[in-house]
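S.K.: Mind looking over this structure? Questions follow.
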Amino acid sequence: MLVDRKGARSLREQWGLFLVEGVVLLVLGLAAIVLPPIALALALFLGWILAIAGLVGLFTTLLMRAAPGFPASLVSALAAIVAGLLLIGWPVATGWPLEVVLAIFFAIEGVASIVLALEHRRAMSGRWSSMLVSGIVDIVLGAILVANFPGIAPGNAGLMVGLLVGVNMVFGGASLVAMALDARAPRP
């Protein structure tokens, strides 16, 4: 196996940025799970959550250009920003535009997370498997939206979509936190 020692070293040096991004995703994910039942404009609310998560991801990705998986991280951050801006600019509380945008986002995010996990594995980063699980979960979330589309009951769409976005962010944030804490640990 080809080992990317420069990438692993960069990850150890930048573990704090991974931790910050992970914690932000965890907090935003929990907000997406807890707050949609009371949000008046779900698409707008989720749009802001995705846009903020994407901007934080873009900022940390650009600061960690030497870390493993830079292109996949960049695609992931840009996908979140675009999905967020689409939902902000196209504020439909429920209905097919919301589900279509999110299903496409979950697919892109899932593939990017899997590629990122494989890059981290190559760089011998610990806990890369948590990123792999996050990517698989994202693809499953997208499949759930597609499988239920257009059968999402209007009264439950907000709860379901908020839950799916929250699960996406919680898994992504937890994987980043796990990788950051592993990178922080001293190596023999």
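The values are calculated or read from the model by the stated rules, or taken from the named source; none is laboratory data. No experiment lies behind these values; they were computed from the predicted model shown. All Cβ positions, even for glycine, are placed from backbone atoms using ideal geometry, and neighbour counts span all protein chains on display.
S.K.: Any residue in the stretch 51-68 that is on the phi < 0 side of the Ramachandran plot sitting within a Cβ distance under 8 Å of a residue that is of a type in the set (Asp, Glu) and not in a helix (DSSP H, G or I)? List the pairs, counting only those 6 or more apart or interchain.
M.R.: Pairs that qualify, where the first residue is on the phi < 0 side of the Ramachandran plot and the partner is of a type in the set (Asp, Glu) and not in a helix (DSSP H, G or I), are Pro68/Asp4.
S.K.: Tell me the residue from Ala43, Ala32 that is within 30 Å of Val100 (Cβ to Cβ) and either at pLDDT 70 or above or in contact with an Asp or Glu (Cβ under 7 Å, 6 or more places away or on another chain) (or both), please.
M.R.: Ala32
S.K.: Among the residues of the stretch 60-74, what is the count of those that are under 17 Å from Glu109 (Cα atoms) and surrounded by fewer than 15 Cβ atoms within 10 Å (Cβ to Cβ)?
M.R.: 1
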